Amino acid sequence: MSSDKTQAAQSAGAAAEETYSAAAEVGAVRKRRTRLERIWIGLKKAPLSAWFGMTVILIYCLVALFAPLLAPYGEAQVFPVPYGPWDAEHIFGTDQIGRDVLSRLIYGARNTMGIALVTTFLSFLIGGGLGLVAAINRSWIDQILSRFIDILMAIPSLIFALMLLSIFGSTVSSLIIIIAILDSTRVFRLTRAVAVSVAVMDYVEAARLRGEGLGWVMRREILPNIMPPLVAEFGLRFCFVFLTIAALSFLGVGIQPPTADWGSMVRDNASLIQFAQYDLKAGITPLLPAAAIALLTVAVNFVVDWFLHKTSGLRDEH
Amino acid sequence: MHPVLATVLQRLALGVATLIMVSIIIFSSISLLPGDFGQAVLGQAATEDTVAAFRRELGLDKPAPVRYVEWFTSALQGDFGTSFSGRAASGVDRSRPVVDLIGPRLKNTLFLAVYAALISVPLALFLGITAALYRNSIYDRMVNAATLTTISTPEFFVAYILILLLASLNPIFPSLANVTIDTPFLERVYRTSLPALTLTLVIVAHMMRMTRAAIINLLASPYIEMARLKGASPREVIIKHALPNAWAPIATVIAFNLAYLVVGVVVVEAVFVYPGVGQLMVDAVTTRDIPVVQACALIFAATYIILNLIADIVGIVTNPRLLHPR
């Protein structure tokens, strides 16, 4: 940072009178870094684990986006040999009805991550919105919402999700809505907790006095000030939602076939693990989708850890 | 009244209220079912008479509050109604009471949970406390890295890796935990070792990290600093000053993780095809057997609430500030 300043000052000084002058240095216009430059400087300081996490997430996103281009075969394309071995034609073999495992892994990235992402967004929309309203309003709405959410949180979410899925059926839309609503209770708690301390600030009071509506106060006054914890929580919630959906699919009540999904892929190929003594590669096949899930969760956790450290560290400095 | 007793009673009342609210939510879920599920359960061939009889049996002709009170009081006495499965369109009823389905499985699940808890609680407390005492040492870092990895992995991944290593490649343990009522105790312990080990790995990670955080938090408080400054030995600091205040966080940690066990058990039972309540619930969800689902959900939720209640009460009872009021 200091080197940049002196450089700018030197160039300013050079233009003025060719020699160094303290007055010129002080008077020189300090160049403000663009947002991109600031992000790059922040990234350069990131530890190795965060870099690893970001690289993994980037690769996953690219795979999910370009799944049809990358996958050698179709998502539900069936080949004559079920449980086929690893060979040149099918790099990771075929599954229980003869679908290419690699192709399903690639399409699975798209389906599993896409559904988890939509669910997390929805839960932040519901939980974050209600949390902000409760924090600003602090009246009976806050009381009712908080007590109701206490009760919802008293039921383990996987059990609750199972119960609701038995009622509404295992379609993708009901899966997304049920998990988003159950997960929004946690988001509500956090948003309310961090927003309550911001909502009593003078500038919020000023905004309300000059007649801004609830929407403005939420979006323009409070939200920017509670962003760092919410962003970190978004990463953690995404992991949690992702693992919940994977667990539900693994149990056979989540994403339904023929949609490729990592959780159900583990379940479908699980019996192969018995043959590991004869053919280790076959034994590893059911672990591939599980490993894909684990790798993404670890990666997101690394990035969130670094982000939390960075944002809380910045707060310490000031 | 003694302040401890008052707080405990207050907490108990809150727990009972939560339990009742949760039971209302679980009960009313059945009325969210779209359309007439009598027809759906009995099949298209059911005559109007059989459907009407089925509706009467479920009490659908009575108002919802009356049904709720009947359901909840009989559930408290251990009667959860009869299962939807085994009913035929002709009116032949081979369905079984939900209690008969759940009873033996509940014992199996409790066995597995207690088995896992007996290994994991002492192990996690030991790891957590030592990691907190020697924090930032190599030991601490290694334990932390290992637990972060197990936290981030789904339970079934841990389970399958264990199967791959300990059952398939080196056949030490059986990969399927099939037990019956007649299985002798030692055989049962042997057959359920892999599920118990999986659960242990998953919870130890959580419990150890939370214990470590609780102890570090505690060791940073001013009275510990004071005890050190006045010359108390490290052992005395831990036993006389830190531990009395540590019981509450430790109890919370244990209860929280035993409650987590309740959820983890569902997935682990599915992996090892273990005849427990979790497996039953998943099967009931796929066949939409609502009475079984409700009963399982109520059992799981009640366990979860009661464990949290116990943790809170331990926290209140061991709180030195409440025990010695001014």
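The values are calculated or read from the model by the stated rules, or taken from the named source; none is laboratory data. What you see is a predicted model, and the numbers here were worked out from it, not measured in a lab. Neighbour counts run over all protein chains shown; Cβ positions are idealised from the backbone, glycine included.
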Query raised in the report: Does A:Gln256 qualify as being within 8 Å of chain B (Cβ to nearest Cβ), surrounded by fewer than 19 Cβ atoms within 10 Å (Cβ to Cβ) and either over 21 Å from the mean Cα position of the chain (by Cα) or closer than 30 Å to A:Gly74 by Cα (or both)?
Result: no
Report task. Could you tell me which numbered condition B:Val266 fails, if it satisfies all but one of (1) among the aliphatic types (A, V, I, L, M); (2) more than 9 Å from every other protein chain (Cβ to nearest Cβ); (3) free of Cβ contacts under 8 Å to residues at least 60 places away in the same chain? Result -> (2)
Query raised in the report: What number of residues in region A:65-80 are in a helix (DSSP H, G or I) and either surrounded by fewer than 18 Cβ atoms within 10 Å (Cβ to Cβ) or touching a Gly at 6+ places or on another chain (Cβ under 7 Å) (or both)?
Result: 4
**Report entry** Any hit, region B:90-109, residues being under 30 Å from B:Ala53 (Cα atoms), surrounded by fewer than 15 Cβ atoms within 10 Å (Cβ to Cβ) and hydroxyl-bearing (Ser, Thr, Tyr)
**Finding:** yes
Query raised in the report: Going by the structure shown, is B:Ala196 away from chain A (no Cβ under 14 Å), over 18 Å from the mean Cα position of the chain (by Cα) and of a type in the set (A, V, I, L, M, F, W, C)?
Result: no
**Report entry** B:Val282 vs. criteria at pLDDT 85 or above, within 15 Å of B:Leu101 (Cβ to Cβ), touching a Gly at 6+ places or on another chain (Cβ under 8 Å) and within 9 Å of chain A (Cβ to nearest Cβ)
**Finding:** yes
Report task. Would you mind finding the one in A:Ser197, A:Ser170, A:Ser249, A:Ser157 that is of a type outside the set (A, V, I, L, M) and in contact with an Asp or Glu (Cβ under 6 Å, 6 or more places away or on another chain)? Result -> A:Ser249
Report summary line: Okay, helices (runs of 4 or more DSSP H) sitting entirely in region A:155-245 with 2 or more residues that are more than 12 Å from every other protein chain (Cβ to nearest Cβ) and either modelled with pLDDT under 85 or surrounded by 21 or more Cβ atoms within 10 Å (Cβ to Cβ) (or both), I get A:172-199
Report task. Would you check if B:Val268 is part of a helix (DSSP H, G or I), within 15 Å of the chain's Cα centre (by Cα) and crowded, with 16+ Cβ neighbours inside 10 Å? Result -> yes
Report task. Looking only at region B:204-224, decide whether some residue is surrounded by fewer than 16 Cβ atoms within 10 Å (Cβ to Cβ) and aromatic (Phe, Trp, Tyr). Result -> yes
Report task. Any residue in region B:239-260 that's within 14 Å of another protein chain (Cβ to nearest Cβ): show its pairings with residues that are among the aromatic types (Phe, Trp, Tyr) and in a helix (DSSP H, G or I) at Cβ separation under 8 Å, as long as the two are six or more apart or on different chains. Result -> B:Ala259/B:Tyr304
Requested in this report: Answer yes or no: is there a residue in region B:171-182 that is surrounded by fewer than 20 Cβ atoms within 10 Å (Cβ to Cβ) and not in a loop (DSSP other than H, G, I, E, B).
Outcome: no
Report task. Starting from residues that are more than 9 Å from chain A (Cβ to nearest Cβ) and of a type in the set (Lys, Arg), keep the ones in region B:285-326 and report whichever is surrounded by the most Cβ atoms within 10 Å (Cβ to Cβ). Result -> B:Arg321
